[in-house]
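Trainee: Below is a structure I'd like to ask you about.
The values are calculated or read from the model by the stated rules, or taken from the named source; none is laboratory data. These numbers were taken from a predicted model, which means no experiment stands behind them. Please note: Cβ atoms are built from the backbone with ideal geometry, for glycine as well, and neighbour counts cover all protein chains shown.
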Amino acid sequence: MSANLLINTDLAKTILTGFIHSEITRSGFSRAVIGLSGGIDSALSCVLAAEALGPQNVLAVRMPYKTSSIDSLEDAQHVIDKTGVKSLTVPITEMVEPLFERFPVANAMRRGNSMARARMIVLYDQSEAFGGLVVGTGNKTEILLGYSTLYGDSACALNPIGDLYKTQVRQLSVALGVPDSIINKPPSADLWAGQTDEDELGFTYEEVDKLLHLIVDERYSPSECVDAGFPQEFVHKVIERIRRNQFKRLLPPIAKLSNRTIGYDFLYLRDWGT
């Protein structure tokens, strides 16, 4: 791993648990809801939320589809047992099957996106039922590459791990005692049988994190990335993914007609008690 990607895990824990607590309480809440997939990202968000709010104030929701890995369910249960958070299992098969039957030619991508959005329906329903805000589980690598479903797994009220690259998520997870079975398994959204993130992306997280750090954090130009030893085709592919998926990182743009347009001029609250 690049030395530039190494983080101070103690400091990161302090900052991120403080972020969760302050962002939730300043909104008038004291609880959190998390979709717990059995993967490393949601496991880390769950551990951080339990630390920040107390396990009794965190609801972890498992939402398997009929093809979901049994190992994923078991790994999610390991996190629930370790943290002591409240938990709920809501299968989504009966939610999405009517849509799949209506469009039998839908490919794996369409089906995966539908499952991700069905899970977010469940999470936001439980947000109301439990009285907690939905905590996000997307890391910086996924956000930059657009490797998420808009209004699916990308939807949340706050995201504690969105400024951690995938390799940094792994570092912090090790430090916070996330179960080894989760840390060591191939990353997967578990949207269909045998699916892995790195197979779908076409490169490893370790490779792309080094490049993303240069492009985003160090502001390297494409030619400087090539000079640093990255293949030109790889650099172009990653930059194009970042550019093409910018729309996923923004709220929908609003056509400007007035002097104070939301998202342009009205950006933050000043003296409104926050």
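Trainee: Filter region 107-149 down to residues that are farther than 24 Å from GLU94 by Cβ and among the aliphatic types (A, V, I, L, M) and give me whichever is surrounded by the fewest Cβ atoms within 10 Å (Cβ to Cβ).
Mentor: ILE143
Trainee: Still on this model: When you look at ALA129, is it of a type in the set (Gly, Ala, Ser), more than 12 Å from the chain's Cα centre (by Cα), under 26 Å from HIS21 (Cβ atoms) and part of a helix (DSSP H, G or I), yes or no?
Mentor: Answer is yes for this residue.
Trainee: Select from region 40-67 the residues that are in a loop (DSSP other than H, G, I, E, B), out of contact with any helix residue (DSSP H, G or I) (no Cβ under 7 Å at 6 or more places or on another chain) and within 22 Å of ILE121 (Cα to Cα) and list them in ascending order.
Mentor: THR67
Trainee: If you check ASN4 against the conditions, is it touching a helix residue (DSSP H, G or I) at 6+ places or on another chain (Cβ under 6 Å), more than 15 Å from ASN139 (Cα to Cα) and not hydrophobic (A, V, I, L, M, F, W, C)?
Mentor: Here the answer is yes, as ASN4 does meet what is asked.
Trainee: Residue by residue through region 212-232, note down the ones that are part of a helix (DSSP H, G or I) and either under 20 Å from the mean Cα position of the chain (by Cα) or of a type outside the set (A, V, I, L, M, F, W, C) (or both).
Mentor: Scanning region 212-232 gives LEU212, HIS213, VAL216, ASP217, PRO222, SER223, GLU224, ASP227, GLN232.
Trainee: Give the number of residues within region 1-46 that are out of contact with any strand residue (DSSP E or B) (no Cβ under 9 Å at 6 or more places or on another chain) and touching a residue at least 24 places away in the same chain (Cβ under 8 Å).
Mentor: Number of matching residues: 21.
Trainee: May I pose another question? Cβ-Cβ under 6 Å, sequence separation 6+ or interchain: first residue in region 172-186 and closer than 17 Å to ASN139 by Cα, partner of a type in the set (S, T, N, Q) and crowded, with 16+ Cβ neighbours inside 10 Å. Which pairs?
Mentor: ILE183/SER173
Trainee: For VAL169, all conditions in the list (1) assigned to a helix (DSSP H, G or I); (2) surrounded by 15 or more Cβ atoms within 10 Å (Cβ to Cβ); (3) over 12 Å from the mean Cα position of the chain (by Cα); (4) at pLDDT 95 or above hold save one; what is the number of the exception?
Mentor: (3) is the only condition that VAL169 fails.
Trainee: Specify the residue that is surrounded by the fewest Cβ atoms within 10 Å (Cβ to Cβ); the eligible residues are those in region 233-274 that are in a loop (DSSP other than H, G, I, E, B) and in contact (Cβ under 8 Å) with a residue 24 or more places away in the chain.
Mentor: Per the stated criteria, the residue is THR274.
Trainee: Inspect all residues belonging to region 213-233 and state whether any of them is within 19 Å of THR137 (Cα to Cα) and touching a His at 6+ places or on another chain (Cβ under 8 Å).
Mentor: Checking region 213-233: not a single residue is within 19 Å of THR137 (Cα to Cα) and touching a His at 6+ places or on another chain (Cβ under 8 Å).
Here's the yes/no breakdown for (1) in a helix (DSSP H, G or I); (2) in contact with a Ser or Thr (Cβ under 7 Å, 6 or more places away or on another chain):
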| residue | (1), (2) |
| --- | --- |
| THR141 | yes, no |
| TYR151 | no, no |
| VAL174 | yes, no |
| SER181 | yes, no |
| ASP209 | yes, yes |
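Trainee: Still on this structure: Out of (1) at pLDDT 95 or above; (2) under 23 Å from THR196 (Cα atoms); (3) not hydroxyl-bearing (Ser, Thr, Tyr), the odd one out for VAL58 is which?
Mentor: Answer for VAL58: the failing condition is (2).
Trainee: Let me ask you something else. For residues in region 248-274 being modelled with pLDDT of 90 or more and among the small types (Gly, Ala, Ser), which is nearest to THR149 (Cα to Cα)?
Mentor: Ranking the qualifying residues of region 248-274, first place goes to ALA255.
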